[in-house]
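J.: This is the structure, below, for whatever I ask next.
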Protein chains: 2
Amino acid sequence: MLGLGVVGSGVARILSEKAESYARELGCPLELSRVVVRDTGKDRAYAIEPARLTTDAASVLEDPEIELIVEVMGGEEPAHQYIRDALGAGKYVITANKEVMAKHGASLLTLAQERKLDVLYEASVGGGIPIIAPLKRDLLANEIVALSAVINGTTNYILTAMSRGEGDFDEALAKAQALGYAEADPANDIEGTDAAYKLAILASLAFHGEVRPDQVYCEGIGGLTNRDFRYARELGYAIKLVALARRDAEGGLRLRVHPAMLPEGEPLAKVDGVLNAVEVEGDLLGRTLFEGQGAGAMPTTSAVVADLLDAAHSVVSGGRERLIWRGEAALRIVSMDDLRTRYYLRMTVTDRPGVLAQIARVLGEAEISIATVLQKATDERVAELVIMTHEAQEASMQRALAELRPLPEIAEIGTFLRVEG
Amino acid sequence: MLGLGVVGSGVARILSEKAESYARELGCPLELSRVVVRDTGKDRAYAIEPARLTTDAASVLEDPEIELIVEVMGGEEPAHQYIRDALGAGKYVITANKEVMAKHGASLLTLAQERKLDVLYEASVGGGIPIIAPLKRDLLANEIVALSAVINGTTNYILTAMSRGEGDFDEALAKAQALGYAEADPANDIEGTDAAYKLAILASLAFHGEVRPDQVYCEGIGGLTNRDFRYARELGYAIKLVALARRDAEGGLRLRVHPAMLPEGEPLAKVDGVLNAVEVEGDLLGRTLFEGQGAGAMPTTSAVVADLLDAAHSVVSGGRERLIWRGEAALRIVSMDDLRTRYYLRMTVTDRPGVLAQIARVLGEAEISIATVLQKATDERVAELVIMTHEAQEASMQRALAELRPLPEIAEIGTFLRVEG
């Protein structure tokens, strides 16, 4: 095992506690041979005999007695290189590393397949929720049409707290940090990067081709205010950071991570707190939802150990039976410009006659028609205007926004959200 | 393939339409060689060359060229015998047959394992929702604590319609029949038998031992009235036909299918219409929910074909890599008597002072304390009394009911429901 943090300690403990059950399952014992750590002297939550700890990764990766490598150290390098080295040395790899799988998944899986090995990565997306394996096996008869997910626990905790009136963005973030749901530097979660990594991993698998994280359009949740949540509720919506991948009629694939309004009745709208959920739409199956704990030591351990048992079965039986990577053709990624969806706009305007007419004119010229307007006076001279549009084209919407921003009657365009579902 | 009904026709069509994609997946073509039907001359929704149709099951089961048998004929016999014969002849079996798997799963899986074959049965529970495979593989690191499910689409359609005020039980059933969601003879669904079959299949897998359908305590939905749904909403609950399996602290397993009240916030309470959902509680993972279309030709076809591709991979690679049946020790099934839960009682009583006191006395003597009482006058002399209890023991509750029934002040005990969650 590479790494002995929260997940690594969980894996070590469970392998020890459940050794008997796992041996019965496999027909032979599954033994944690060595653990590579940075500091063998450090005090740890779960104590391992010092003799099993080492700082020398090469000695483990090259040890012919070791058949399975569990990578739970995180970060892109040296984890990525270690995984390549392990495959090169003929070992199966189990990893929880979303950054490595998002950036290098296609090449690692291709290498594993050439060597008749496997890289298993259930723990890299959605914690313990089984989603990678179902996409690989159970949904295989389907052509996947769309993936829709709430797959970042940190942001979902913050958005849920804000929607319940438990504080503004900064307060909710501070509370998430205090509870261990957000890191000291939360940028990766807040800006959507983490969700984009996970979407790239899921989309690569679902659409049979390499999707790189930089092909995912990405917006974070930083700009949202408590007023947006009040308006959303008034209009019958929840606000979630969604990760969406959809194949269009011409086979193009659009990938995006951004906050969005979802009708309250939608399954993803009800996924609250640190829960995660992935909805898969297949041509045969229709929509299927997988929901559970997206993070945490024990759920992630559950996924790592399931993969470990799966790979161990292959070692025992002498080989993998399945195709593990079907990166067929280059996927054609389409831009946001042609997206057609509905939009929510919250802006602060001068409270005088004619302002709404002027905004409506700009939108109308861009062929955007208005579905709902809420206007609230905030003080004598300023009003807050909330507009929901009918379906419109993203490029037109962006053009209209560029035209609205400099208007003297518009003090601020506070929030701009896509409305999905 | 044995059978060419709705699911069989779906499988035949999809195997033809997606032949190229599946061949790429497997590295060789997957060909539907022969189909056993009762009448080769019948007109069918999906036309198959007459030369592939036969009424002679033995000729197919004994054909050494055929490596996989798909059983979609339904019913206990001769389907069960055909599956045994297929395994005996060295063939993998894929089945959608819940009755056969509920009644004979353990012996069929044992036989398959002895022969290094497999019986795959994802389609037997929850239509296209992946739940069998996740239990076999993805949740394997966990000790399963409980299964909670809404797994009968017919009854869920009826209960959802009643909760929305779309008619009484008979009207909702008639509508379900008109839409093809309920059969002409709906007893199997309405009485809970279908859900009990599915729970026996899931519990056998989750708890590593044989669970027979007759070990599942079973009550149907026949007695519910629209008034129960109104009271449920007033109290903050939904009414669902639930299938529950839970291991108690002493390792005993309690299995039950009955209508129950669920708090509106519970995930299963929100599973509406013909949708199905299974919630699995594992010691590492916590609670994970799988939700989707529980029936229908295409979802079921999706599950059958996924299993078919899985088995075909094994044929191509020369064997199964995993333990498929771990029927370890006899499971100890515990009776309903020691169940502790809350209860809902709706009764018609004489509207005069002292009646509630008398009922409260009977309940109190059985150590059942009352949480909520709603009393509604229905006409001058009769009132409807709705009681929610605190947690109490099932045996005490049944004793109290037996004592209440003959009381002259109680005209009728209309509905008795357990309150879960």
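Quick note: the coordinates plus some simple rules give every number you see, no bench work behind them. On a predicted model such as this, the values are computed, not experimentally measured, just so you know. Every residue, glycine as well, gets a Cβ built from its backbone with ideal geometry; the counts of neighbours run over all protein chains shown.
J.: Quick one: net charge around B:LEU199, please, counting Lys, Arg +1 and Asp, Glu -1 for every other residue with C-beta under 15 Å from its C-beta. Show your work: numbers first, answer last.
T.: On the way: positive: B:LYS98, B:LYS103, B:LYS198, B:ARG212, B:LYS240, B:ARG246, B:ARG247, B:ARG254, B:ARG256; negative: B:GLU99, B:ASP189, B:GLU191, B:ASP194, B:GLU210, B:ASP214, B:GLU219, B:GLU279, B:GLU281, B:GLU420.
Net charge around B:LEU199: -1.
J.: On to the next question. Which far-off residues, 5 or more places away or on another chain, put their amide H under 5 Å from the one on B:VAL70, with H placed in the peptide plane?
T.: B:LEU2, B:ILE94
J.: How far is B:ASP63 from itself in the other copies, in nm, if each label sits 7 Å out from Cα along the Cα-Cβ line, shortest first?
T.: 5.3
J.: Search the structure for amide H atoms under 5 Å from the amide H of B:VAL242, placed 1.01 Å from N in the peptide plane, and list their residues when 5 or more places away or on another chain.
T.: When sequence neighbours closer than 5 places are left aside, the close amide H contacts are B:HIS258, B:ALA260.
J.: Could you compute the net charge surrounding A:VAL6? Neighbours are other residues with a C-beta less than 14 Å from the C-beta of A:VAL6; K and R count +1, D and E count -1.
T.: +2
J.: Continuing with the same structure: Evaluate the charge dipole of the protein assembly as shown about its Cα centre and quote only its size in Debye, nearest 20, assuming +1 on the Cβ of each Lys and Arg and -1 on the Cβ of each Asp and Glu. Kindly include the intermediate steps, with their values, before the conclusion.
T.: Values: 88 positive and 126 negative charges, 34 e Å.
Roughly 160 debye, rounded to the nearest 20.
J.: What are the distances, in nm and sorted shortest first, from the label point of A:GLU250 to the label points of the same position in each other copy, with each label point placed 7 Å from Cα along the Cα-to-Cβ direction?
T.: Spacings between copies for this position, smallest first, are 6.9 nm.
J.: Name the trypsin sites (Lys or Arg not before Pro) in segment B:290-358 that are in a loop by DSSP and that have at most 14 other C-beta atoms within 10 Å, would you?
T.: Answer by residue number: B:ARG332.
J.: Summing -39500 (n - 2.57) over the DSSP H runs of n ≥ 4 in chain A and dividing by its residue number, what mean residue ellipticity at 222 nm do you reach, to the nearest 500 deg cm²/dmol? Could the numbers behind the result be given before it?
T.: Details: 13 runs with 144 residues, N = 421.
It lands at -10500 deg cm²/dmol.
J.: Going through the DSSP H helices of chain B, which span 24 Å or more along their own axis at the Cα atoms while scoring at least -1.0 as a mean Kyte-Doolittle hydropathy? Don't skip to the end; give the middle numbers.
T.: Working: long enough: B:297-317 (30 Å, 0.94).
Once both thresholds are applied, what remains is B:297-317.
J.: Shifting gears a bit: Once Lys and Arg get +1 and Asp and Glu get -1 on their Cβ, which of B:ILE387, B:LEU202, B:THR225 lies farthest toward the positive end of the dipole of chain B?
T.: Of B:ILE387, B:LEU202, B:THR225, it is B:ILE387.
J.: What is the calculated FRET efficiency for B:GLU77 to A:SER16, with r their C-beta to C-beta distance and R₀ = 41 Å, to the nearest 0.05?
T.: Working: r = 48 Å, r/R0 = 1.16.
Given R0 = 41 Å and the Cβ-Cβ separation, E is 0.30.
J.: How big is the dipole moment of segment A:132-293 about its Cα centre under a simple scheme where the beta carbon of each Lys and Arg is +1, that of each Asp and Glu is -1, and everything else is neutral? Debye, nearest 20, please. Each step should come with its number before you reach the end.
T.: Values: 16 positive and 25 negative charges, 57 e Å.
The calculation lands at about 280 debye.
J.: Just add up the charged neighbours of A:GLU67: K/R +1, D/E -1, any other residue whose Cβ is under 11 Å from the Cβ of A:GLU67. All intermediate terms of the calculation are to be shown ahead of the outcome.
T.: Numbers: positive: A:LYS91; negative: A:GLU31, A:ASP63, A:GLU65.
Residues near A:GLU67 contribute -2 overall.
J.: Taking the number of other C-beta atoms within 10 Å as the exposure measure, put B:VAL382, B:VAL11, A:VAL242, A:VAL315 in order starting with the fewest. Walk me through the numbers on the way to the answer.
T.: On the way: B:VAL382 13, B:VAL11 29, A:VAL242 25, A:VAL315 18.
Arranged by neighbour count, lowest to highest, B:VAL382, B:VAL11, A:VAL242, A:VAL315 become B:VAL382, A:VAL315, A:VAL242, B:VAL11.
J.: Relative contact order for segment A:340-419 using alpha-carbon pairs under 8 Å, separation at least 6, rounded to a whole percent? Let's see the in-between values first.
T.: Working: 152 pairs, mean separation 39.7, N = 80.
Relative contact order, segment A:340-419: 50 percent.
J.: If I model a spin label as a point 7 Å beyond the Cα along the Cα-Cβ vector, how far apart are those points for A:ARG405 and B:ALA187 in nm?
T.: 7.1 nm
J.: Relative contact order, percent, of chain B when contacts are C-alpha pairs under 8 Å separated by at least 6 residues? Intermediate results must be reported in sequence, preceding the final value.
T.: Working: 826 pairs, mean separation 69.2, N = 421.
It rounds to 16 percent for chain B.
J.: Further question on the same structure: For the protein assembly as shown, build the convex hull from the C-alpha positions and give me its volume per residue in Å³.
T.: Values: hull volume 164.1 nm³, N = 842.
Spread over its residues, the Cα hull of the protein assembly as shown gives 195 Å³ apiece.
J.: Just to confirm the numbers: A:GLY364, label point 7 angstrom along the Cα-Cβ line, distances to the other copies in nm, shortest first?
T.: Nearest to farthest, the other copies are at 7.3 nm.
J.: Rounded to the nearest whole Å³, what is the per residue volume of the convex hull around the Cα atoms of segment B:339-419? Mind dumping the intermediate values first?
T.: Values: hull volume 6.0 nm³, N = 81.
Taking only Cα atoms, segment B:339-419 has a hull volume of 74 Å³ per residue.
J.: Averaged across orientations, what area in nm² does the convex hull of the alpha carbons in chain B project? Show your work: numbers first, answer last.
T.: On the way: hull surface 87.6 nm².
So the mean shadow area of the Cα hull is 21.9 nm².
J.: Can you divide the C-alpha Rg of segment B:132-293 by 2.2 N^0.38 Å and report the result to two decimal places? Mind showing how you got there, number by number?
T.: Values: Rg = 15.8 Å, N = 162, 2.2 N^0.38 = 15.2 Å.
Cα-based Rg divided by the globular estimate yields 1.04.
J.: According to a simple spin-label model (label point 7 Å from Cα along Cα-to-Cβ), what is the distance in nm between B:GLU380 and A:GLU367?
T.: 7.2 nm
J.: Ordered by residue, what ³J(HN,Hα) values in Hz, to whole numbers, does segment A:409-421 give under the Karplus form 6.51 cos²θ - 1.76 cosθ + 1.60, where θ = phi - 60° and Gly and Pro are x?
T.: Couplings: 6, 9, 6, 7, 9, x, 9, 10, 10, 7, 10, 10, x Hz.
J.: Would you mind working out the magnitude of the charge dipole of chain A relative to its Cα centre, with +1 at each Lys and Arg C-beta and -1 at each Asp and Glu C-beta, to the nearest 20 Debye?
T.: On the way: 44 positive and 63 negative charges, 86 e Å.
Value, rounded to 20: 420 debye.
J.: Along each of its three principal axes, how wide is the spread of alpha-carbon positions in segment B:286-375, in whole angstrom units, largest first?
T.: Each principal axis gives a Cα extent; for segment B:286-375 these are 77, 36, 23 Å.
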